[in-house]
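See below for the structure under consideration.
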Amino acid sequence: MKKIVVLLAALTLIGACSKLTQDNYNQVKAGMTYDEVTGILGTATHCDEAVGTKSCRWGDDEKNIKITFLADRATVFSNHGIQ
C-alpha cells in the first residue's frame, strides 16, 4: 500500500511538471479564476490562503509558476526556470 501511495505522488509531480511550459504560462491572464488556471496548469503543488487572497505555486524551487488570486481572480503571476 505504501508503494502505491509513493507511486501516485510521483506520477502527480511528473504530470504537474509537464504543464510548466512557457506556452502554458503565456495562456494565464489577469482576471482568470483559479479553476481556469488549473485547467491550464493542473493542480497546484502548494497554496496558502489568507483573508480573501490565495497564493499558489506549481512546481518546485528550480522550476515553478506562482500566481496570487484575489477574490478567486489571478492578479499577480511570475515564473522561474520556465523555458
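Could you give me the residue pairs with C-beta distances under 8 Å whose first residue belongs to segment 29-47 and is farther than 25 Å from Asp61 by Cβ and of a type outside the set (Asp, Glu), whose second residue is open to solvent by 60 Å² or more (accessible area, probe 1.4 Å) and part of a loop (DSSP other than H, G, I, E, B) wherever it lies, and which are 6+ apart or on separate chains?
Thr33/Asp72
When the residues of segment 1-24 are narrowed to those that are modelled with pLDDT of 95 or more, part of a helix (DSSP H, G or I) and open to solvent by 40 Å² or more (accessible area, probe 1.4 Å), which ends up farthest from Ile82 (Cα to Cα)?
In this case the residue turns out to be Asp23.
Need pairs with beta-carbon distance below 6 Å; first residue without any contact (Cβ under 8 Å) to a residue 40 or more places away in the chain and among the polar types (S, T, N, Q) and within segment 67-83, second open to solvent by 60 Å² or more (accessible area, probe 1.4 Å) and in a loop (DSSP other than H, G, I, E, B); sequence gap 6+ or separate chains.
none
The values are calculated or read from the model by the stated rules, or taken from the named source; none is laboratory data. Here the structure is a predicted model, which means the values were calculated and not measured. Backbone-built Cβ (ideal geometry, glycine too); neighbour counts: all protein chains shown. The accessibility values were calculated without ligands, DNA or RNA, using every heavy atom of the protein model including side chains. Shrake-Rupley method; radii C 1.70, N 1.55, O 1.52, S 1.80 Å.
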